[in-house]
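Below is one structure, written out as C-alpha cells; the observations come after it.
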Amino acid sequence: MKTVQRISGLKQMIREAKKSRQTIGFVPTMGYLHEGHLTLMRQAKKENDLVIASIFVNPLQFGPSEDYAVYPRDLARDSQLAAEAGVDILFAPEVADMYPGGYENMMTTVAVSGVSEGLCGASRPGHFRGVATVVTKLFNIVEADTAYFGQKDAQQAAVIRQMALDLNMNVKIVSVPIVREADGLALSSRNVFLSPQERQAALSLSRSLRWAREQLEAGQRQASVIAGGMREIIEQEPLAQVDYIAVVDALSLAELTHIHSPALLALAVKIGKTRLIDNDIWEAR
Ligand code: AMP
C-alpha cells in the first residue's frame, strides 16, 4: 500500500491507473479505523482493480462546539489496518492542502436541501454542507467508479446519493450495512470516548432499535408509539440524553405518522459528552 499526502501526488497516480483502465473503488473516512471502515474497504477490494481510501478529519463539517480538536487520530495504526483490508492507496491530506485559503473562507460549497434538513441536519447546522463539500472535492480528486458509504450514517448516505444524482457525478454510490459489536453497539470511532459505564449506557441505542423492530414485526404502525417506546428505553439510562428519535421514509427521509416500508428508524443520543447515532431500516416482508 502507498500512502500519499499531496493531492497532486494522488492525481498523478490516478492518471496512471486510468491509463491502464483500472476500475477505482473509493472509501472516504475520518480515520481511527474499525471493522465498519474495514468492511467497506474489503468490499471495495472485491469489486474494483484499485482501492483508494482517504483519511481526513474534515474541519468544515464540525460545529464550533463539536469534537474536531479531540477527534481520535492514529495514522500509523490506520495504515496497517487499511493495508490488511486491501487498500492500495491511502490518501491522508493535510487541512492546508484541502483548504489552501482556510476552510472558513471556502467560496464554493455544496448544499443539498431536503434530505439534509431533518435529523442530524437539524441538530448540527452546516454539518451536511461540510460533508457534501468535502465529498465533492474528494470525488473530483479521486475520480472513482464506485464510492462506498456505511449505512451507519444513513442520512449522510442519502445526502451523498442525492448530490451525486442532482449534480450528475460519474460515480456509483454503494451503501454497506452497519457493523456492530457482539452486544449490539454500532462501531464508531467515537466509542473510544466512552467510559465503561457510558459504554453500558450506549447499548440502549441498539436495544431501542431491536424493540422497535419487534413492534413493527408484530404489526405496530404508529410512528408515535414506536418513537415513544424507544425514548422510554433510552431514558431509563441516567447517562443518556436523547437528541432525536425519528421515524422517516427511508428514501426521502420525510417524517412518517403511519409507518410504511421501507422506513428508517434513526436516533442520536448523547452519552455523557459523546454524541452517538444509530439506525435501522425496516422493510416489510
Ligand atoms: P467516518 O470515519 O466515521 O466518517 O466513517 C467513514 C465511513 O465508514 C462512512 O461511510 C461511515 O458510514 C462508515 N462507517 C462508520 N461506522 C460504520 C459501521 N459501524 N458500520 C458500517 N459502516 C460504518
Extreme residue, surrounded by the most Cβ atoms within 10 Å (Cβ to Cβ), among residues of region 254-266 that are under 30 Å from Ser65 (Cβ atoms) and in contact with a helix residue (DSSP H, G or I) (Cβ under 6 Å, 6 or more places away or on another chain): Leu265
Close pairs from region 166-194: first under 23 Å from Leu209 (Cα atoms) and modelled with pLDDT of 95 or more, partner among the acidic types (Asp, Glu) and assigned to a helix (DSSP H, G or I), Cβ under 6 Å, at least 6 apart: Val179/Glu35; Leu187/Glu35
In region 1-55, the residues that are part of a helix (DSSP H, G or I), of a type in the set (Gly, Ala, Ser) and away from the ligand (no atom under 16 Å from the Cβ): Ser8, Gly9, Ala17
Search result, residues across region 195-208 that are aliphatic (A, V, I, L, M) and touching a residue at least 60 places away in the same chain (Cβ under 8 Å): Ala201, Ala202, Leu205
Inter-residue pairs, beta-carbon under 7 Å, first in contact (Cβ under 8 Å) with a residue 40 or more places away in the chain and under 12 Å from Gly25 (Cα atoms) and in region 138-157, second of a type in the set (Ser, Thr, Tyr) and within 13 Å of the ligand (Cβ to nearest atom), 6+ apart: Phe149/Ser175
Counted residues, region 153-197 - those being in a helix (DSSP H, G or I), near the ligand (Cβ under 8 Å from one of its atoms) and not charged (D, E, K, R): 3
Pair list, Cβ < 7 Å and 6+ apart or interchain, from region 66-87 residues that are in contact (Cβ under 8 Å) with a residue 60 or more places away in the chain to residues that are part of a helix (DSSP H, G or I) and surrounded by 14 or more Cβ atoms within 10 Å (Cβ to Cβ): Pro72/Ser189; Ala82/Met41; Val87/Met41
Test: residue in region 110-125 that is free of Cβ contacts under 8 Å to residues at least 60 places away in the same chain and either closer than 18 Å to Met1 by Cβ or among the hydroxyl-bearing types (Ser, Thr, Tyr) (or both): yes
Failed item in (1) touching a strand residue (DSSP E or B) at 6+ places or on another chain (Cβ under 9 Å); (2) surrounded by 15 or more Cβ atoms within 10 Å (Cβ to Cβ); (3) not in a loop (DSSP other than H, G, I, E, B), with Glu237 passing the rest: (3)
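The values are calculated or read from the model by the stated rules, or taken from the named source; none is laboratory data. Everything numeric here is computed off the predicted structure, so don't read it as measured data. Every residue, glycine as well, gets a Cβ built from its backbone with ideal geometry; the counts of neighbours run over all protein chains shown.
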